[in-house]
Amino acid sequence: MNTPIRSLLIIIALFAVAPAATAAPDPTQLVKGALHRWRGDSSYTEVAMTIHRPDWQRDMTMVSWTRGKSDSLVRFTQPPGDAGNATLKLGQALWLFNPKLNQVIRLPFSMMAQNWMGSDFTYNDFVKSDQIVNDYTQRLDASESRDGHKVYTVTCLPKPDAAVVWGKQVLKIRDDHVLLEETFFDQDMKPVRRLRTTKIAPLGGRPYPVVMRVAKIATPERWTEMRYVRAVFDLKLPGYLFTQSNLRNPRPWRAP
């Protein structure tokens, strides 16, 4: 065999055994994966929340249940003055129960993006509904290596005629679908608020953003922090949990 042919065969063999370049992940699947990491097919969580201001601080606790991609129930348990306040979301329908008034109030879906219970979180921050998938398009903008993981930057832009508050959202998602950061931009494309994961730890059998803090970019000294203390995922939940009757008069339910 002459030398040129031998050289060509060697080159072909090298390409045949060389590892294929890693394809860039689909940005929509990254966002869906982050939502599923957060909620699973269903979930039960126990959460502590701290609202911090320069001259005061307030601590609260709550429990929550999620079902599928859009249904959720959140009920406050402490302090006594807030215990029993609850919010139920079914698809795009939203109800609030105030035990002091003994009244269930239907809220507009736009309230999902409003400050929730006096905190810097919105209801959507907490339950992570699939609105960001349904009403936005996703674009992969960058990737970097961090702490042994690949971290992807995904920009979410509103679909035409979508009824959304934010001009865009920029997410940083780890390669195992842990959400590290989410920045919210107004309609003028100026960053307004930022949600950051400050601690990742095993929870419910998966790596999880167990501590998250959110603040307006203009006032970082005013923040709210969520600390997830317990979680159970992909469990069978009774249908009565996600009803207006249970919102007003909670039936006993024991977490596994």
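The values are calculated or read from the model by the stated rules, or taken from the named source; none is laboratory data. Predicted, not measured: the structure shown is a model, and the values here were computed from it. Methodologically, a virtual Cβ is constructed for each residue, glycine included, from the backbone with ideal geometry; neighbour enumeration extends over all protein chains shown.
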Worksheet item: Under 7 Å by Cβ, and 6 or more places apart or on different chains, what pairs join a residue from region 94-116 that is without any contact (Cβ under 8 Å) to a residue 60 or more places away in the chain with one that is exposed (fewer than 15 other Cβ atoms within 10 Å of the Cβ) and of a type in the set (S, T, N, Q)?
Response: F109/Q92
Discussion item. For the structure I just gave you, tell me whether D161 is free of Cβ contacts under 8 Å to residues at least 12 places away in the same chain, acidic (D, E) and not in a helix (DSSP H, G or I).
Written reply: yes
Item to complete: Could you check how many residues of region 211-239 are in contact with a Ser or Thr (Cβ under 7 Å, 6 or more places away or on another chain) and either under 15 Å from D120 (Cβ atoms) or hydroxyl-bearing (S, T, Y) (or both)?
Response: 7
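Here is a yes/no grid of residues against (1) buried (at least 16 other Cβ atoms within 10 Å of the Cβ); (2) modelled with pLDDT of 95 or more; (3) among the β-branched types (V, I, T):
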residue: V151; (1), (2), (3): yes, yes, yes
residue: C156; (1), (2), (3): yes, yes, no
residue: A162; (1), (2), (3): no, no, no
residue: K168; (1), (2), (3): yes, yes, no
residue: K172; (1), (2), (3): yes, yes, no
Practice prompt. Could you check how many residues of region 137-158 are more than 19 Å from A113 (Cα to Cα), free of Cβ contacts under 8 Å to residues at least 40 places away in the same chain and not acidic (D, E)?
Written response: 8
Worksheet item: Does region 186-193 contain at least one residue that is farther than 29 Å from A23 by Cβ and touching a residue at least 60 places away in the same chain (Cβ under 8 Å)?
Response: yes
Response to the item:
Of those in region 164-203 that are of a type in the set (A, V, I, L, M, F, W, C) and in a loop (DSSP other than H, G, I, E, B), the residue farthest from the chain's Cα centre (by Cα) is M189
Item to complete: Mind counting the residues in region 184-208 that are aliphatic (A, V, I, L, M) and at positive phi?
Response: 1
Fill in: Residues of region 118-143 classified as surrounded by fewer than 19 Cβ atoms within 10 Å (Cβ to Cβ) and part of a loop (DSSP other than H, G, I, E, B), total
3
Item to complete: State whether the residues of region 93-107 include one that is surrounded by 16 or more Cβ atoms within 10 Å (Cβ to Cβ) and within 16 Å of the chain's Cα centre (by Cα).
Response: no
Discussion item. If a residue must be of a type in the set (D, E) and out of contact with any His (no Cβ under 8 Å at 6 or more places or on another chain), how many such residues does region 148-187 contain?
Written reply: 4
Worksheet entry | Considering residues of region 51-62 that are free of Cβ contacts under 8 Å to residues at least 40 places away in the same chain and not in a loop (DSSP other than H, G, I, E, B) only, the residue surrounded by the fewest Cβ atoms within 10 Å (Cβ to Cβ) | W56
Practice prompt. Kindly provide the set of residues from region 63-106 that are modelled with pLDDT of 90 or more, part of a loop (DSSP other than H, G, I, E, B) and touching a Ser or Thr at 6+ places or on another chain (Cβ under 8 Å), ordered by number.
Written response: G68, A83
Fill in: Residue selected from region 56-113 under the condition among the β-branched types (V, I, T) and in contact with an Asp or Glu (Cβ under 8 Å, 6 or more places away or on another chain), by the criterion farthest from V164 (Cα to Cα)
T61
Worksheet item: What are the residues in region 223-256 that are charged (D, E, K, R) and either part of a strand (DSSP E or B) or loosely packed, with under 14 Cβ neighbours inside 10 Å (or both), if any?
Response: E225, R227, R230, D234, K236, R251, R254
